[in-house]
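K.L.:
Below are the structure tokens for one structure; questions will follow.
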Amino acid sequence: MPDSKAIAAEMDVIDAITVKLPALGVSLIPMQVKQVKDPMEIVKKALISSSSDGNLRVEAVLDIARSLGMNNDENIAVVEEMIAREAAASGKISLALDLCLQLMKRGHGPIWDLCSALARGPEVEGITLQLRKELLGFALSYCDEVSVWQLLNTWKQIDLYKRCIEIKESASLEGSLDTFNAKIPLDEDEVQTMEEGNKLLCIVTREFNQDAENETFLLKERKKIL
């Protein structure tokens, strides 16, 4: 009966029990698998076993999930979320970040707390200021009420820091403006833009340095955000 979906599903389960799970160090007899009400428990066993040697076999775990009948997008997203959390706990930040970005594109809200942790985490290759803002933006879209205030404040700080860097990079050209003009003539609008950028940088950095630790200033900024 080659066209039977029921038989095909049963064959997938047999393949998972006899080949795929043992390959990851999980040994279960068919009766044990049948007694498990939630197949996700078996996937968790496979994930934990696969990470025992420090290597997370993402595709192998996903393949087991599909063989156990978790083929729809929602179930696969849950499995990827589980892998992302395990990756972050194991110190594999790049893998966790990649999985979070994929889940963000698909609108998988439950991953918001890990996105927030990555956005506020230490410097890691691949995590730029813009990416931190995107991670925080996603987290703000799905977070609980308790976390909104803290995430908004963090987003504001990162946004201000990013703007200061952009203005500084733009205004740094003015320091060698005479030499630059000697090589490439600038029109009046370009010169004015550089001068305004330098002035804005001075104002922003001065206010930021003076008022960053001032509670009144922080409350005023938070009111603006709200």
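K.L.:
Is it the case, given these coordinates, that GLU81 is open to solvent by 20 Å² or more (accessible area, probe 1.4 Å), assigned to a loop (DSSP other than H, G, I, E, B), among the charged types (D, E, K, R) and touching a helix residue (DSSP H, G or I) at 6+ places or on another chain (Cβ under 8 Å)?
P.N.:
no
K.L.:
Would you please list the contacts, defined by Cβ atoms under 8 Å and residues six or more apart or on different chains, that run from a residue in the range 44-63 that is part of a loop (DSSP other than H, G, I, E, B) to a residue that is of a type in the set (Asp, Glu) and open to solvent by less than 90 Å² (accessible area, probe 1.4 Å)?
P.N.:
So the pair list comes out as SER51/GLU86; LEU56/GLU86.
K.L.:
Also: Out of everything in the range 106-144 that is of a type in the set (A, V, I, L, M, F, W, C) and open to solvent by 30 Å² or more (accessible area, probe 1.4 Å), what residue ends up being farthest from LEU160 (Cα to Cα)?
P.N.:
Step by step, filter the range 106-144, then rank; the result is TRP112.
K.L.:
Looking for something out of contact with any helix residue (DSSP H, G or I) (no Cβ under 9 Å at 6 or more places or on another chain), charged (D, E, K, R) and surrounded by fewer than 19 Cβ atoms within 10 Å (Cβ to Cβ) - is there at least one such residue anywhere in the range 49-56?
P.N.:
So far as the range 49-56 goes, yes, one or more of its residues are out of contact with any helix residue (DSSP H, G or I) (no Cβ under 9 Å at 6 or more places or on another chain), charged (D, E, K, R) and surrounded by fewer than 19 Cβ atoms within 10 Å (Cβ to Cβ).
K.L.:
Taking only the range 110-121 into account, find how many residues are in a helix (DSSP H, G or I), farther than 13 Å from GLY137 by Cβ and of a type in the set (Gly, Ala, Ser).
P.N.:
Residues flagged as in a helix (DSSP H, G or I), farther than 13 Å from GLY137 by Cβ and of a type in the set (Gly, Ala, Ser) within the range 110-121 amount to 1.
K.L.:
Oh, and also: Against the condition open to solvent by less than 90 Å² (accessible area, probe 1.4 Å) and more than 27 Å from the chain's Cα centre (by Cα), how does ILE64 come out, does it pass?
P.N.:
No; evaluated as a whole, the condition is false for this residue.
K.L.:
Within the range 170-184, does at least one residue satisfy the condition of being open to solvent by 40 Å² or more (accessible area, probe 1.4 Å), on the phi < 0 side of the Ramachandran plot, outside any helix (DSSP H, G or I) and modelled with pLDDT under 50?
P.N.:
Yes; the residues of the range 170-184 include at least one that is open to solvent by 40 Å² or more (accessible area, probe 1.4 Å), on the phi < 0 side of the Ramachandran plot, outside any helix (DSSP H, G or I) and modelled with pLDDT under 50.
K.L.:
Failed condition for MET70, given (1) modelled with pLDDT of 90 or more; (2) open to solvent by less than 50 Å² (accessible area, probe 1.4 Å); (3) under 22 Å from PRO39 (Cβ atoms), with all others met?
P.N.:
(1)
K.L.:
Name the residue that is nearest to ASP12 (Cα to Cα), counting only residues in the range 64-78 that are assigned to a helix (DSSP H, G or I) and in contact with an Asp or Glu (Cβ under 9 Å, 6 or more places away or on another chain).
P.N.:
SER67
K.L.:
Here is a follow-up. I'd like the residue in the range 88-105 that is in contact with a helix residue (DSSP H, G or I) (Cβ under 7 Å, 6 or more places away or on another chain) and either of a type in the set (Gly, Ala, Ser) or assigned to a loop (DSSP other than H, G, I, E, B) (or both) and, out of all such residues, is surrounded by the fewest Cβ atoms within 10 Å (Cβ to Cβ).
P.N.:
ALA88
The values are calculated or read from the model by the stated rules, or taken from the named source; none is laboratory data. These numbers were taken from a predicted model, which means no experiment stands behind them. Note that we place each Cβ from the backbone using ideal geometry, even for glycine, and neighbour counts take in every protein chain shown. In case anyone asks, the SASA skips ligands and DNA or RNA and just uses the protein heavy atoms, side chains included. Shrake-Rupley method; radii C 1.70, N 1.55, O 1.52, S 1.80 Å.
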